[in-house]
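Asks: Have a look at this one.
The values are calculated or read from the model by the stated rules, or taken from the named source; none is laboratory data. This structure is a prediction, so every number in the text was calculated from the model and none was measured. Note that we place each Cβ from the backbone using ideal geometry, even for glycine, and neighbour counts take in every protein chain shown. In case anyone asks, the SASA skips ligands and DNA or RNA and just uses the protein heavy atoms, side chains included. Shrake-Rupley method; radii C 1.70, N 1.55, O 1.52, S 1.80 Å.
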Amino acid sequence: MLSLMSSSNYDSACLPDLLPLYYRRLFPFSQYYRWLNYGGVQKNYFQNREFSFTLKDDIYVRYQSFSTQTELEKEMQKMNPYKIDIGAIYSHRPNQHNTVKSGTFQALEKELVFDIDMTDYDDVRSCCSAADICCKCWTLMTIAIHILDRALREDFGFQHLLWVYSGRRGVHCWVCDEAARKLSVAARSAVAEYLSLVKGGEETLKKVVLTDPIHPFIRESLAVVERYFPRYALQEQDILGRKESVDKLLHVRKELQQDFQNEKKPENRWKLVKEQANRKQGTAKRGQYFEKEIMLQYCYPRLDVNVSKGVNHLLKSPFSVHPKTGRISVPMDLKELETFDPFAVPTIGQICEELDRPRTGEEEDKSEEKENEKDAAERRKIRDYKRTSLAKYVKYFDQFLDKMARSWKGELLKKSDLQKDF
């Protein structure tokens, strides 16, 4: 059973001791480089990528870039960043941006990214607020992933979506298809707007307005929301029982006031809402979909569109450690989405402790002496993370990369065929 996000067994004061061990023995550098190098299909793709590090005491270092995997490893092991952000691929090497003629240093490409943060749902969750999450409101993240993953794959045709738990209270999506990485700011904005339904700030009581006919995308999204709404909104959040949320609803739908006075049971009140909407369907031009609008307002994904629109926007890297909770930002396996437990995600303290456990006899490999030093170090690192709870998340990452590598192979073959034609 999930419980409130507690970091009772994690102390951020230990980070300076734990991070060097994590970057030396556990961080999956080879997979990380394999991802961001994209098969070497485009020249200088990895070399022109911006990394940004947040160091101890919130010292922020932007425009880091690296020529090779080894260089990245050495620098990260030297700086031991508290947080790693990934930025765009630029026209020049980011670490030389000061030497480039003004105006020519430009962000060219980046994955299309989405950031969903639980704090954006504070007006529709009563169980927690601000940075806290629990099993009840985590359902909102499950709904968001179902809706966005389907839309990005089926409506836009993207295939390579990496979903990552942020380590605290949200999820990130990296759309890694070549077509997505090349999108302009205008195109990114168009995708983000297409996916945005909940509009308006705290003052806006009615944040979703549906018009006739309902767009197929909204119908698909409603099909997902309808599966979760009764349990999440009516039972767990008690939206038709708690005075505060009932008042909000009656403010928008005054005609329900009398019905609600006579009926106190939330599930019966919901029936009344649906009946009222059905009656309007045949007659009114507006308000005929208000039960659907309520469901979407409570459950539909809330995107930070600015994160998705900009090519040069930074986003926290997978396998970065969340300094407040100590949890690792890990890739998620969508086949296990329904059972994903953010509180079971390992903390840096836990995996470093797992490393210290004595090895079993069969894990000792005597042939290691014969290997050259670099291979031995690489193999030792693989064995190291495999002995910890991080292993299954690195495995998800590997599976994602294998699938993507098959598409790079196609690209490289196409390129070599084109060259043969000349």
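Asks: In what sequence, highest mean first, do 31-37, 409-415 appear when ranked by Cβ atoms within 10 angstrom?
Replies: Packing order, densest peptide first, comes out as 31-37, 409-415.
Asks: For the chain, with all protein chains present and a 1.4 Å probe, just round the carbon and sulfur fraction of the accessible area to a whole percent.
Replies: 49
Asks: Here's a follow-up. Considering only protein heavy atoms, what per residue accessible area in square angstrom results for the stretch 32-190 with a 1.4 angstrom probe?
Replies: 38
Asks: Provide the packing ranking of 77-90, 231-244, i.e. peptides ordered by the mean count of other C-beta atoms within 10 Å per residue, highest first.
Replies: Output ranking for 77-90, 231-244: 77-90, 231-244.
Asks: Stretch E373-Q159 to full length: gain in nm at 0.36 nm per residue minus the Cα-Cα span?
Replies: Full extension from E373 to Q159 adds 73.2 nm.
Asks: While we're here: With every protein chain left in place, what is the accessible area per residue of the stretch 199-299 in square angstrom, probe 1.4 Å?
Replies: 58
Asks: Now for a different question. Any chance you could run the full-extension gain for N98 through C127? It's 0.36 nm times the residue separation minus the Cα-Cα distance, nm to one decimal.
Replies: Result: 5.6 nm gained on full extension.
Asks: Sticking with this structure for a sec: Might you report the magnitude of the Cβ-based charge dipole of the stretch 199-299 about its Cα centre, with Lys and Arg at +1 and Asp and Glu at -1, to the nearest 20 debye?
Replies: 200
Asks: Taking the Cβ of I86 as the centre, find all other residues whose Cβ is under 9 Å away and add up their charges (Lys, Arg: +1; Asp, Glu: -1).
Replies: Charge balance in the 9 Å sphere: 0.
Asks: Stretch V185-V252 to full length: gain in nm at 0.36 nm per residue minus the Cα-Cα span?
Replies: Value of the extension gain: 20.5 nm.
Asks: Using only helices, what value at 222 nm comes out for the chain when you add -39,500 (n - 2.57) per DSSP H run of length 4 or more and divide by the total residues, to the nearest 500 deg cm²/dmol?
Replies: -13000 deg cm²/dmol
Asks: Another question, then. Taking P(r) over Cα pairs in 10 Å bins from 0, in percent as the quantity of interest, determine which of (i) 4, 19, 27, 23, 15, 8, 3, 1, 0; (ii) 4, 17, 21, 21, 20, 12, 4, 1, 0; (iii) 5, 21, 31, 26, 12, 3, 1, 0 was computed from the displayed structure.
Replies: (i)
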